[in-house]
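The values are calculated or read from the model by the stated rules, or taken from the named source; none is laboratory data. Computed from a predicted model, the values in this text were never measured in an experiment. Cβ placement follows ideal geometry from the backbone for every residue including glycine, while neighbour counts extend to all protein chains displayed. Surface accessibility is based on the protein's heavy atoms, side chains included, excluding ligands, DNA and RNA. Shrake-Rupley method; radii C 1.70, N 1.55, O 1.52, S 1.80 Å.
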Amino acid sequence: MKRAASTLAHAAVAASVLALAPSAFAANNYPVILVHGFLGFGPDELQGTGFKYWGGYNDVEAHMKTYNGSHLVRTASVGPVSSNWDRAVELYYQIKGGCADYGAQRTAQFAAYGKIQKPAGKCWAADPDNNPNHYPVALYPQWDAAHPIHLVSHSQGGQTVRTLIQLLENGSPNGDEGGGALYAGGKIGWIKSATTIATPHNGTTLRDVIIDYVPKVSELAGDIIQVAGLGGANAVYGFDLEQYGLAQGPAESFSDFIERTKGAPFWSLSNRDSAQWELGPDGAKALNSWVKTSPNVYYYSIGGKATEQGSFCCNSTDRLIAPFQSSSYQYARDDMIFFMKNTAGEWVVPSLFVPGMGSYTQTDPSRVLIDSSWFANDGVVNTVSMKSPSGQPVRNYDGTSVRGTWNYLGYYNQYDHFDVIGWQLPGYAVYPIYDNISTILFGL
């Protein structure tokens, strides 16, 4: 009953937050590519479970395909723990076709961690009728300036699409990467719009909270997958780390893969070519130093918030996790997805005096400063970080779209990190988010 009542409240918010969407529709019908976040997965993984990254037991891709017309919508699958550079490379070739090339200079920079420039077999076929190696078929091979696309992303996926746009238009910041098509730059107009949902543009303090509490990154990733129910004996989940020589066997479970490879250099906290670095505030700042907002693209951002200010009694937080509360901090709502509650509030439960996201601060002047404005969160990402990359142009969306700036569409109150992609909610509470996005994008 409590969850149902909360869902109704969610639906009302979903209908109102983006109510300023333009009335014009179908000014374009460019394809939409959905890009998942950290530890995400594509449509070919977890088959047999009926569970999708985009929708849970709903189906966001199918819904967007038929909302107010017929649209081409595809779901990408990129490295779930890889750096945004690697994910952008995979996204490029997955859409366009060809074999992944991670760049000569970039590969040399991280060779000590085992990086490979062109791992065998990581390819997508541009022509399904000329595919002797039976590679997966590219999502949209005709992609170019005359055939642009919309990118819709969740969580780390937003960092990834920003990185892709930067490489498309400006090429590699490292110089000659060995001739890979992505690194030439000059691909202006290939991306019509980029929409980010619950993206840690300036990082998430969850990374630092977890590193402080559970510093073994590989074991942590395995634990999260197991708790989420994605790594069971019958569920195939791929790590896509061939560029580090860490291929997961076709019949190898996630937990067995973790156990076999957890000592590999890739997992080291010193490796800055990985998601674990770029998802933190310091790593995100380093990413933002060279990944900029393009003047040629329409950007949109959407946030979420699933914590509440502490009180002596009578709020909607989980009192079993946090029976004693301070009004200075934020605490997990009772309806937040269960495996994020223990780190979202004042303390990491069941530890004593290890700050959670709802109270975490950082005052070392050599690092990104974290103050109380970061306390509100959706269980994974700080709400303040979802708006735009720090120091880059941003405005509140008012029904009109401005190219080359972040059009902030607001945040969904009472929505946790996985509510916004439909993992725990019925379709009627999720689909309005994507209806509003569709209305805006196809109206450009």
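Consider segment 36-81 and keep the residues that are farther than 20 Å from HIS417 by Cα and part of a strand (DSSP E or B). The one that is most open to solvent (accessible area, probe 1.4 Å) is ARG74.
Going residue by residue through segment 371-386, is there one that turns out to be within 24 Å of GLY37 (Cα to Cα), assigned to a strand (DSSP E or B) and within 23 Å of the chain's Cα centre (by Cα)? Within segment 371-386, one or more residues are within 24 Å of GLY37 (Cα to Cα), assigned to a strand (DSSP E or B) and within 23 Å of the chain's Cα centre (by Cα). From the list ALA125, ALA111, the one residue that fits, being at pLDDT 95 or above, of a type outside the set (D, E, K, R), farther than 26 Å from ASP416 by Cα and in contact with a Phe, Trp or Tyr (Cβ under 7 Å, 6 or more places away or on another chain), is ALA125.
Looking across PRO389, PRO393, one residue alone is open to solvent by less than 30 Å² (accessible area, probe 1.4 Å) and either in contact (Cβ under 8 Å) with a residue 12 or more places away in the chain or of a type in the set (Lys, Arg) (or both). It is PRO389.
Listed here are the residues, each with its yes/no results for (1) open to solvent by 30 Å² or more (accessible area, probe 1.4 Å); (2) closer than 17 Å to VAL78 by Cβ; (3) modelled with pLDDT of 95 or more; (4) of a type in the set (Phe, Trp, Tyr).
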residue: HIS147; (1), (2), (3), (4): yes, no, yes, no
residue: SER155; (1), (2), (3), (4): no, yes, yes, no
residue: ILE165; (1), (2), (3), (4): no, yes, yes, no
residue: ALA184; (1), (2), (3), (4): yes, no, no, no
residue: ALA221; (1), (2), (3), (4): no, yes, no, no
residue: ILE225; (1), (2), (3), (4): no, yes, no, no
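Give me the residue from segment 336-352 that is open to solvent by 20 Å² or more (accessible area, probe 1.4 Å) and more than 17 Å from THR383 (Cα to Cα) and, out of that set, nearest to the chain's Cα centre (by Cα). In this case the residue turns out to be PHE339.
Restricting segment 117-145 to residues that are hydrophobic (A, V, I, L, M, F, W, C) and assigned to a loop (DSSP other than H, G, I, E, B), which is surrounded by the fewest Cβ atoms within 10 Å (Cβ to Cβ)?
Let us first name the residues in segment 117-145 that are hydrophobic (A, V, I, L, M, F, W, C), namely 120, 123-126, 137-139, 143, 145.
Those left that are additionally assigned to a loop (DSSP other than H, G, I, E, B): 120, 126, 138-139, 143, 145.
Details: ALA120: 9, ALA126: 18, ALA138: 22, LEU139: 20, TRP143: 22, ALA145: 12.
Filtering segment 117-145 for residues that are hydrophobic (A, V, I, L, M, F, W, C) and assigned to a loop (DSSP other than H, G, I, E, B), the one surrounded by the fewest Cβ atoms within 10 Å (Cβ to Cβ) comes out as ALA120.
Just checking, does segment 146-155 include any residue being among the hydroxyl-bearing types (Ser, Thr, Tyr), assigned to a helix (DSSP H, G or I) and touching a residue at least 60 places away in the same chain (Cβ under 8 Å)? Give the steps one after another, and end with the answer.
Within segment 146-155, the subset among the hydroxyl-bearing types (Ser, Thr, Tyr) is 153, 155.
With assigned to a helix (DSSP H, G or I) added as a condition, the list becomes none.
Within segment 146-155, none of the residues are among the hydroxyl-bearing types (Ser, Thr, Tyr), assigned to a helix (DSSP H, G or I) and touching a residue at least 60 places away in the same chain (Cβ under 8 Å).
Listed here are the residues, each with its yes/no results for (1) over 28 Å from VAL32 (Cα atoms); (2) under 19 Å from the mean Cα position of the chain (by Cα); (3) outside any loop (DSSP other than H, G, I, E, B); (4) touching a residue at least 40 places away in the same chain (Cβ under 8 Å).
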site: VAL291; (1), (2), (3), (4): no, yes, no, yes
site: TYR299; (1), (2), (3), (4): no, yes, yes, yes
site: ILE302; (1), (2), (3), (4): no, yes, yes, yes
site: GLU308; (1), (2), (3), (4): yes, no, yes, no
site: SER311; (1), (2), (3), (4): yes, no, no, no
site: ASN315; (1), (2), (3), (4): yes, no, no, no
site: ALA322; (1), (2), (3), (4): yes, no, no, no
site: SER326; (1), (2), (3), (4): yes, no, no, no
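Checked against (1) among the hydrophobic types (A, V, I, L, M, F, W, C); (2) open to solvent by 50 Å² or more (accessible area, probe 1.4 Å); (3) touching a helix residue (DSSP H, G or I) at 6+ places or on another chain (Cβ under 7 Å), CYS314 meets all criteria but (3).
Going residue by residue through segment 419-429, is there one that turns out to be in contact (Cβ under 8 Å) with a residue 40 or more places away in the chain, open to solvent by 20 Å² or more (accessible area, probe 1.4 Å) and more than 22 Å from the chain's Cα centre (by Cα)? Yes, some residue in segment 419-429 is in contact (Cβ under 8 Å) with a residue 40 or more places away in the chain, open to solvent by 20 Å² or more (accessible area, probe 1.4 Å) and more than 22 Å from the chain's Cα centre (by Cα).
Of all residues in segment 317-331, those being over 16 Å from SER359 (Cα atoms) and open to solvent by 80 Å² or more (accessible area, probe 1.4 Å) number 1.
Taking (1) closer than 30 Å to GLY410 by Cβ; (2) under 22 Å from the mean Cα position of the chain (by Cα) in turn, SER70 satisfies each apart from (2).
Residues being in a strand (DSSP E or B) and either open to solvent by less than 20 Å² (accessible area, probe 1.4 Å) or in contact with a strand residue (DSSP E or B) (Cβ under 6 Å, 6 or more places away or on another chain) (or both): count how many of those fall in segment 92-106. Break it down stepwise before answering.
Step one: list which residues in segment 92-106 are in a strand (DSSP E or B), which gives 98-99.
Narrowing further to those that are either open to solvent by less than 20 Å² (accessible area, probe 1.4 Å) or in contact with a strand residue (DSSP E or B) (Cβ under 6 Å, 6 or more places away or on another chain) (or both): 99.
So the answer is 1.
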